[in-house]
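Enquirer: Can you keep this structure in mind? I'll have questions shortly.
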Amino acid sequence: MTRLRIAGFTVIFVFLFLFLNLFRLELMGGRKFRELSDKNCIRLLPQEGSRGKILDRRGDVIVGNELSYDVMLMPKDAQQIDQALAAVAGILGRDFKDLKNTFKNNFIASSAAVTVAKDIDVKKAITLEELKSNIDGIVIQPRPRRRYPHARLAAHVLGYLNEIDRWRLTKLADYGYKTKDIVGFGGIEEKYDYYLRQEEGGLSLEVDSRGRFVRALGFRPPKNGRDIQLTLDLKIQKIAQDCLAERKGAVVIMEPYSGQIIAMASAPDFNPAAFVKKANSSLRSLFSSQEAPLINRAVAAAYPAGSVFKLVVAAAALETKKINLNTSFFCSGSMHLGREEFACWDVHNQQNLLGAIARSCNVLFYRTGLLLGGQAIYEYALKFGFSKNTSFDLPYEINGFIPYPLWKKIYRFKHWLDGDTVNMSIGQGEVLVTPLQICRMMAVFANRGMLVTPYIVQAIDGRDISKYKQRISPLSIKPETIDYIRIGLKNVVSDPAGTASALAALPVAVSGKTGTAQAPPGQPHAWFAGYFPSKNPKFVICVLLEHGGSGYYAAAVAKQIIEAMAQEGLI
């Protein structure tokens with residue numbers, strides 16, 4: 001009897017357990033399973049907005065968008081997927097196995113469409129669209145992609161687009177970025193990616209058990225990115241880039257009173273469209289090239305300054321009254337310091353400051369530098385904005401470097417010697433600057449004593465932001481010092497013995513300074529920095545030719561640029 005009772009209780013307990021579980025599944029879990037069932041018949045079709053355009057100062061499009069077509073499949077049973085992939089492979093001329101692997105690699109969830117081919121020809125897109133009535137699950141998705149109507153023009157300013165890497169994803173995940181997003185690399189595309197970036201929308205579809213469309217459930221429209229207008233002048237940018245041609249180097253043209261960048265060219269350059277088209281051979285050559293075509297040499301590379309740095313030494317010497325306009329030194333073609341001989345490029349005989357600027361006499365600046373000392377030169381270099389970045393609104397700007405006595409003692413465990421001062425006084429030794437820094441230094445003499453902050457973004461989505469970009473500060477240098485050096489800069493061109501006298505033939509008066517910076521084992525770097533028109537400057541220009549020889553060759557490129565601008569009526 002006891003055993004029967006135990007068996008009875010066991011049966012009752014089992015049925016009670018089953019009943020309670022059935023109750024939980026039906027009443028408590030019914031909603032959850034109903035949602036899962038609904039999701040199984042819902043497909044999500046993403047819709048991309050357009051990335052913001054990049055415009056020049058006149059509103060002309062530098063980078064825009066064009067329609068591209070992607071082939072997507074709606075996940076269904078394996079047989080239907082294979083049938084659709086075979087049809088797509090036949091029309092696109094692709095390998096079936098490759099497309100199937102692409103499908104597997106891009107599969108996220110049964111509710112999301114899978115991209116199997118990107119950027120297909122419009123004719124093939126139309127052919128596939130016609131197949132949709134016979135083969136279920138094929139979706140032709142229009143998608144905006146970057147268009148570069150001017151090819152390589154201003155490539156380093158613009159940057160390029162590519163799939164997000166792990167480093168950026170780690171930094172930007174909290175801002176809504178996710179795996180396989182397309183983001184900016186370098187230039188405006190990277191610095192202002194947050195503004196240019198579009199927001200994805202999408203269409204929610206209900207399909208039947210065979211994956212066929214039943215009805216649209218909802219639509220969230222995509223949101224386009226914001227347009228960005230630059231201070232660049234496309235016409236002047238093209239002139240600068242054409243004149244730089246196949247040389248290695250950089251050209252910067254700036255408005256001296258505001259800091260607006262009118263043109264910024266770097267060579268060798270690249271075509272950003274290569275990243276859109278995913279031309280693997282082209283991309284490999286870009287990343288592996290020893291010429292480093294992806295580096296913006298105007299802001300992200302530093303060079304010995306050579307004689308253009310003499311302007312800092314001249315200003316420091318006049319301000320501290322170590323010399324005046326009547327001070328002169330004899331140049332025999334070199335100067336002896338202990339056992340060392342420091343050369344000049346020519347015999348200049350007796351030279352004062354104005355003559356030494358015009359003829360780029362090293363000996364006068366050697367002597368002047370020794371009167372000043374390394375610390376004073378360093379302090380005035382900082383005043384002119386060297387050894388720190390300019391706060392320019394492109395990424396990867398570097399600081400450059402100006403040595404000083406205490407640095408050498410702490411980091412090199414050596415004493416500062418007179419030879420260090422002599423080298424520093426002509427922009428050699430360990431002096432490193434960027435073309436943009438040299439351009440800003442020259443602007444101080446063009447605008448008579450103001451240090452400007454260079455900038456290149458004028459407006460975002462039609463809203464002028466230049467008032468937030470313009471930062472202009474007085475340099476605390478006496479007006480007469482600026483005027484004296486301006487005379488010297490004018491003589492560089494107007495004096496027949498001046499190092500840039502070839503520019504005297506131009507239809508507009510130019511003032512400036514050449515520089516030849518030793519860079520062994522190769523040829524010297526060639527510099528020219530100046531402004532024009534001389535009396536009321538509208539533009540400051542800096543030309544650097546990497547291993548280009550003497551400053552004469554940089555001045556020749558500047559001459560080509562200014563001449564072309566004059567012919568186009570741009571001055």
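The values are calculated or read from the model by the stated rules, or taken from the named source; none is laboratory data. On a predicted model such as this, the values are computed, not experimentally measured, just so you know. Note that each Cβ is placed from the backbone with ideal geometry, even for glycine, and that neighbours are counted across all protein chains shown.
Enquirer: Determine whether Asn324 is under 30 Å from Leu372 (Cβ atoms) and either part of a loop (DSSP other than H, G, I, E, B) or without any contact (Cβ under 8 Å) to a residue 40 or more places away in the chain (or both).
Expert: yes
Enquirer: A further question on this structure: Is at least one residue of the stretch 449-470 among the basic types (Lys, Arg) and touching a residue at least 24 places away in the same chain (Cβ under 8 Å)?
Expert: yes
Conditions tested, residue by residue: (1) at pLDDT below 95; (2) touching a Gly at 6+ places or on another chain (Cβ under 7 Å); (3) on the phi > 0 side of the Ramachandran plot; (4) among the polar types (S, T, N, Q).
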| position | (1), (2), (3), (4) |
| --- | --- |
| Thr453 | no, yes, no, yes |
| Ala459 | no, no, no, no |
| Gly462 | yes, no, yes, no |
| Ser466 | yes, no, no, yes |
| Lys469 | yes, no, no, no |
| Lys478 | no, no, no, no |
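Enquirer: Going by what's in this entry, would Val299 be described as free of Cβ contacts under 8 Å to residues at least 24 places away in the same chain and assigned to a loop (DSSP other than H, G, I, E, B)?
Expert: no
Enquirer: Can you tell me how many residues in the stretch 517-563 are assigned to a helix (DSSP H, G or I) and more than 12 Å from Val251 (Cβ to Cβ)?
Expert: Count: 7.
Enquirer: Here is a check on your reading of the model: is Arg471 under 22 Å from Ala526 (Cβ atoms) and basic (Lys, Arg)? Spell out the reasoning first.
Expert: Working: under 22 Å from Ala526 (Cβ atoms): no; basic (Lys, Arg): yes.
Here the answer is no, as Arg471 does not meet what is asked.
Enquirer: Here is a check on your reading of the model: is Gly369 modelled with pLDDT of 95 or more, closer than 25 Å to Ala555 by Cα and of a type in the set (Gly, Ala, Ser)?
Expert: no
Enquirer: Continuing with the same structure: For Asp119, work out the one condition from (1) farther than 15 Å from Arg143 by Cα; (2) in a loop (DSSP other than H, G, I, E, B) it doesn't fulfil.
Expert: Tallying (1) farther than 15 Å from Arg143 by Cα; (2) in a loop (DSSP other than H, G, I, E, B), Asp119 fails exactly one: (1).
Enquirer: Can you tell me how many residues within the stretch 143-190 are part of a loop (DSSP other than H, G, I, E, B) and of a type in the set (A, V, I, L, M, F, W, C)?
Expert: Pass one, the stretch 143-190, residues part of a loop (DSSP other than H, G, I, E, B): 148-154, 159, 164-165, 176-181, 186.
Next, from what is left, pick out any that are of a type in the set (A, V, I, L, M, F, W, C): 151, 153-154, 164.
Of the residues in the stretch 143-190, 4 are part of a loop (DSSP other than H, G, I, E, B) and of a type in the set (A, V, I, L, M, F, W, C).
Enquirer: Filter the stretch 442-456 down to the residues that are surrounded by 21 or more Cβ atoms within 10 Å (Cβ to Cβ), under 23 Å from the mean Cα position of the chain (by Cα) and not hydrophobic (A, V, I, L, M, F, W, C) and list them by number.
Expert: Within the stretch 442-456, Pro454, Tyr455 qualify.
Enquirer: Would you confirm whether or not the stretch 304-313 contains a residue that is modelled with pLDDT of 95 or more, crowded, with 18+ Cβ neighbours inside 10 Å and not in a helix (DSSP H, G or I)?
Expert: yes
Enquirer: Going by the conditions given, is Ala443 under 21 Å from Gln237 (Cβ atoms), in the same structural domain as Phe384 (by TED's automatic domain parsing), in contact (Cβ under 8 Å) with a residue 40 or more places away in the chain and part of a helix (DSSP H, G or I)?
Expert: yes
Enquirer: Let me ask you something else. Quick check on this structure: which one of Ala125, Ala89 is touching a residue at least 12 places away in the same chain (Cβ under 8 Å), small (Gly, Ala, Ser) and surrounded by 14 or more Cβ atoms within 10 Å (Cβ to Cβ)?
Expert: Ala125
Enquirer: On the given criteria, is Arg212 of a type in the set (D, E, K, R) and modelled with pLDDT under 75?
Expert: So Arg212 passes the test.
Enquirer: Given the residues Thr421, Thr434, which is the only one that is hydroxyl-bearing (Ser, Thr, Tyr), under 26 Å from Ala558 (Cα atoms), in the same structural domain as Arg359 (by TED's automatic domain parsing) and modelled with pLDDT of 95 or more?
Expert: Thr434
Enquirer: Within the stretch 485-501, can one find any residue that is outside any helix (DSSP H, G or I), buried (at least 17 other Cβ atoms within 10 Å of the Cβ) and among the aliphatic types (A, V, I, L, M)?
Expert: Yes, because at least one residue in the stretch 485-501 is outside any helix (DSSP H, G or I), buried (at least 17 other Cβ atoms within 10 Å of the Cβ) and among the aliphatic types (A, V, I, L, M).
Enquirer: Tell me the residue from Tyr380, Tyr404, Tyr411 that is farther than 17 Å from Ala301 by Cα and at pLDDT 95 or above, please.
Expert: Among Tyr380, Tyr404, Tyr411, only Tyr380 is farther than 17 Å from Ala301 by Cα and at pLDDT 95 or above.
Enquirer: Report whether or not Tyr468 is surrounded by fewer than 24 Cβ atoms within 10 Å (Cβ to Cβ) and among the aromatic types (Phe, Trp, Tyr).
Expert: Against the criterion (surrounded by fewer than 24 Cβ atoms within 10 Å (Cβ to Cβ) and among the aromatic types (Phe, Trp, Tyr)), Tyr468 qualifies.
Enquirer: Within the stretch 107-116, track down each residue that is touching a Leu at 6+ places or on another chain (Cβ under 6 Å) and either at pLDDT 80 or above or outside any loop (DSSP other than H, G, I, E, B) (or both).
Expert: Ala112, Val114, Val116
Enquirer: Of these, Asn349, Asn389, Asn362, which one is assigned by TED's automatic domain parsing to the domain that holds Val493, under 24 Å from Thr499 (Cα atoms) and surrounded by fewer than 22 Cβ atoms within 10 Å (Cβ to Cβ)? Give the derivation first.
Expert: Details: Asn389 fails: under 24 Å from Thr499 (Cα atoms); Asn362 fails: surrounded by fewer than 22 Cβ atoms within 10 Å (Cβ to Cβ).
Within the list Asn349, Asn389, Asn362, the selection yields Asn349.
Enquirer: Could you identify the single residue in Ala316, Ala301, Ala305 that is touching a helix residue (DSSP H, G or I) at 6+ places or on another chain (Cβ under 6 Å) and assigned by TED's automatic domain parsing to the domain that holds Gly249?
Expert: Step by step, each of Ala316, Ala301, Ala305 is checked, and only Ala316 is touching a helix residue (DSSP H, G or I) at 6+ places or on another chain (Cβ under 6 Å) and assigned by TED's automatic domain parsing to the domain that holds Gly249.
Enquirer: Are any residues in the stretch 373-407 among the acidic types (Asp, Glu) and closer than 21 Å to Ala265 by Cα, and if so, which ones?
Expert: Residues satisfying the conditions are Asp393, Glu397.
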